[in-house]
Amino acid sequence: MRFKNSIILFFLSVIALLPPTTAMAQVSPAKIFIDAPQSRFPFLSKMKRMDMVDYFSGGISRASENLLGGKSRILEMTPDHIKVELVEGGVSTTSLIPVAYGKDSLIVVVSNVATPAPDGMISFYTLDWKQIDGKKIFVEPTFDEWLSAGIDKEIRKEVRDAVPFVMAEYSFDPQTKILTLKQTADQYLPKADYDKVKNHLVSELKYRWTGKKMVKIK
């Protein structure tokens, strides 16, 4: 019995020395997409999502009919992310990216909707799709953060009058863990107004995922 216990203790000590595994190694973006609650993809049933994954995995570019009578398809699917076109023509897309979050993992959800200019948002969920308070992880940029450095108050007022709000397309690179917000003012402002402000707006803002939150890259 002592010999048996010694063997067990030996193996336990070896296991303890192995690198710790995380949920990341077990997370498949395709599975995350399939297992998402119906409320997250209200016009794509779970069965339809399974079909979409099968089509893409099989190299079939066929779009799937959604419950609204439109078409949806997977645009990209890799071991670290999946991007889905919910409405054809780039009208609505959503990307799901699992990332390490401390000792656990979370799902980064990046969505863009053409309104008609692309406008994005980002949200965060646990692996079982419980939403996390995004304000603790990412703070949306203020209007002033979109302004070029060094402009005076008068120019700021002119830009503020011409640009009632700043819309931006969101993208998150799963390799670099960088979130990019690209402003799309040229697509929704009248040309005359955009020409006045284009030199006073920064084209994009970038944030790096630290493992706990998104931090602006200066």
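The values are calculated or read from the model by the stated rules, or taken from the named source; none is laboratory data. A quick note: this is a predicted structure, and the numbers were derived from the prediction, not measured. In this analysis, Cβ positions are derived from the backbone assuming ideal geometry, glycine residues included, and neighbour counts consider all displayed protein chains.
The selection criterion, being surrounded by 12 or more Cβ atoms within 10 Å (Cβ to Cβ) and in a strand (DSSP E or B), holds for ARG73. Note on the range 53-69: residues that are in contact (Cβ under 8 Å) with a residue 24 or more places away in the chain and in a loop (DSSP other than H, G, I, E, B) amount to 3. When GLY134, GLY120 are screened for being buried (at least 19 other Cβ atoms within 10 Å of the Cβ) and either touching a Phe, Trp or Tyr at 6+ places or on another chain (Cβ under 9 Å) or hydroxyl-bearing (Ser, Thr, Tyr) (or both), only GLY120 passes. Report, by residue number, each residue of the range 183-212 that is more than 19 Å from ASP119 (Cα to Cα), touching a residue at least 60 places away in the same chain (Cβ under 8 Å) and either buried (at least 16 other Cβ atoms within 10 Å of the Cβ) or among the hydrophobic types (A, V, I, L, M, F, W, C) (or both). Selection gives TRP209 alone.
Restricting attention to the range 40-61, does a residue exist that is under 18 Å from the mean Cα position of the chain (by Cα), surrounded by 12 or more Cβ atoms within 10 Å (Cβ to Cβ) and at pLDDT 90 or above? Yes, the conditions are met somewhere in the range 40-61. In this entry, GLU169 is excluded by the filter for residues that are out of contact with any Asp or Glu (no Cβ under 8 Å at 6 or more places or on another chain) and acidic (Asp, Glu). Total residues in the range 76-91 satisfying the condition of being surrounded by fewer than 17 Cβ atoms within 10 Å (Cβ to Cβ), assigned to a strand (DSSP E or B) and not charged (D, E, K, R): the figure is 2. Applying the set (1) touching a residue at least 24 places away in the same chain (Cβ under 8 Å); (2) closer than 20 Å to HIS200 by Cα to ASN112 leaves exactly one unmet item: (2). Within this structure, LEU96 passes the test of being surrounded by 14 or more Cβ atoms within 10 Å (Cβ to Cβ), touching a residue at least 24 places away in the same chain (Cβ under 8 Å) and touching a helix residue (DSSP H, G or I) at 6+ places or on another chain (Cβ under 9 Å).
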